[in-house]
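Notes for the one structure printed next.
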């Protein structure tokens, strides 16, 4: 096997997400940032954040929607569209 075959295989593996590492880029900063750790911290803070009113309701639906079955998703979409139409009609009828 020649080196170009290994290079091609490495490119294919990276393209399809098989055993690839994140690339590192040169920087003038002396402090390295662990982006995976930072992302995990932000997600944790978002999860623990206490919301009120519409923001809390939106988060609730955003959290349950991906795990819902197809019928539940359709019902949620229908309800959302009806609410939006009702709000639009109510706003423009005054």
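The values are calculated or read from the model by the stated rules, or taken from the named source; none is laboratory data. In this text the structure is predicted, and so the values were computed from the model without any measurement. Note: ideal-geometry Cβ built from the backbone for every residue, glycine included; neighbour counts use all protein chains shown.
Worth a mention:
- Scanning segment 8-59 for residues that are surrounded by 10 or more Cβ atoms within 10 Å (Cβ to Cβ), in a loop (DSSP other than H, G, I, E, B) and modelled with pLDDT of 80 or more returns 49, 51.
- Taken as a whole, the structure places residue 86 among residues that are surrounded by 10 or more Cβ atoms within 10 Å (Cβ to Cβ) and either in contact with a helix residue (DSSP H, G or I) (Cβ under 9 Å, 6 or more places away or on another chain) or at pLDDT 75 or above (or both).
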